[in-house]
Amino acid sequence: MTCRICGAPTERVLDLGEMPPANRLKDSLEQFENSYPLVMEYCRECSNLQLQYCVDAAELYANYLYVTPDSPSLEAHYAKLIGRLASQGYIDKSSFVVEFGSNVGSFLRRLKPEVARILGIDHAENICAIARERGIETECRYFGPETAEEIRSTRGPADLIVARHCAAHNENPHLLIEGVTGLLSPDGVFLMENAYGLETLRNFEVGQVYHEHMFFFTVQAVERLFAMHGMRLLDVSIEPVHGGSVVFAAARAESRHPTLPSVAEHRELERAALTPSLLAEFPRRLEEMRRQVRGLVDTAVGSGQSIWLYGASAKASTFVNYVGLTREEIPYCADSTPVKQGRFLPRANIMVRPEMEAFGAAPDYFLITAWNYADEIVAKIRANCGTRPRIIVPHPTVAVLS
Ligand code: DWN
């Protein structure tokens, strides 16, 4: 296959076979589910990591179930991002901000008091409706050159465009950046945040590999992508949310904003770390993690102990199906998202139940499948169930908290 950023040939890093789309929770056990190849590949030319096969966007996003959870770690992250945008002079009280992939508007809600105007863009009607109920003006559509042109002609150019955890969810990043350059004001800034490919590899995060993640962006690949569209990286930071995320700030090459030292620093750190041996080690270490989790579950179930999953995240879907967990051994998964409750995890058929029900059931074990929120979930379990349940956390290394 070829790299969808630079066109060079790619090599296979990980082949998970055919998997169902991660956010396609089933309404009933009988519901038919499609499966598609899940293969990660690497481009030596520009250091891009991508999925080989991209599922059609309509199949993935038509009725989307992911609602950004209320989480203290995300709140702290939003506050940090907004502080940084202001201190670097990327926003002020006169700014017009457009966020695409804005989901229920959690980030825009925090940003609103700091700027003049905000607009959310999201592709899922059910999600846009929640955002509007929360007072965030949101248009229901995909972002690309046409949408950008229309917003520019009706509302004017944007001083800041935000794409948090959605740019990698798009088969053609070139179209996306065309949209960005079409809408951005001359000195406007584009803020793009994604799961960081290097963190996915070096933390052995199999759960990050699902069909929505068509790219696992790296600094080198993104720098190349932006340069192809007359844009320049201004700043790069690595943040602890969503299992290790990378935040890029970029602008037109001729923008007044300076390129900060963080760009060269992270480019060099990445060059040193993203080696052929890391790529080869990735599938091997995943196998090791699979054996460890399988062993823990087999031992617990074999001795008559009960286990609940915690977090019906997209990451959970790949994780449970990779490890081969089923409802026969783990019948339930706790999750705070009302729209997920009563549904079943793809393929594994594990039923999603409200968190309070999990606390009431007080199982012997919780296996944390939303491990990126492990600290806050462990605190909730301890507050509601005391010290009795043991807690299995699969990342960064498999650990049992007792
Ligand atoms: O890129 C994407 C990321 C950012 O969000 C999307 N493609 C889809 C989604 O991925 P995810 O589903 O893996 O995201 P989360 O935020 O890791 O999902 C966490 C899940 O855990 C949610 O379903 C909510 C749930 N949760 C809970 O039940 N109690 C979360 C917390 C913090 C809790 O206390």
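Each value in this text was obtained by applying a stated rule to the coordinates, not by laboratory testing. Computed from a predicted structure; not experimentally measured. Note that we place each Cβ from the backbone using ideal geometry, even for glycine, and neighbour counts take in every protein chain shown.
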field: Cysteines in the chain lacking a second Cys C-beta under 4.7 Å
entry: CYS54, CYS166, CYS333, CYS385
statement: Nearest 10, in degrees from 0 to 90: the angle of helix 145-155 to the longest Cα principal axis of the chain is 60
- line: Per principal axis, largest first, the Cα atoms of the stretch 52-171 extend in Å by 40, 37, 33
message: What's the ranking of 350-362, 154-166, 96-108 by average number of surrounding C-beta atoms within 10 Å, highest first?
response: 96-108, 154-166, 350-362
message: Can you give the log10 of the normalised intensity I(q)/I(0) at q = 0.09, 0.12 Å⁻¹, computed with Debye over equal Cα scatterers of the chain?
response: -0.53, -0.96
statement: Taking the convex hull of the alpha-carbon atoms of the stretch 276-363 and averaging its shadow over every direction gives an area in square nanometres of 6.3
Pairs of Cα atoms farther than 21 Å apart, the stretch 121-251, %: 43
message: Please report the antiparallel percentage of the DSSP beta bridges confined to the chain, to the nearest 5.
response: 50
Between helix 72-87 and the chain: long-axis angle, C-alpha atoms, 0 to 90°, nearest 10: 10
message: Once each part is reduced to its C-alpha centroid, what is the distance from the stretch 170-193 to the stretch 278-316 in angstrom?
response: 38
task: Compute the Rg to Rh ratio over the stretch 177-243 from the alpha carbon atoms, using the Kirkwood formula for Rh, and round to two decimal places.
output: 1.00
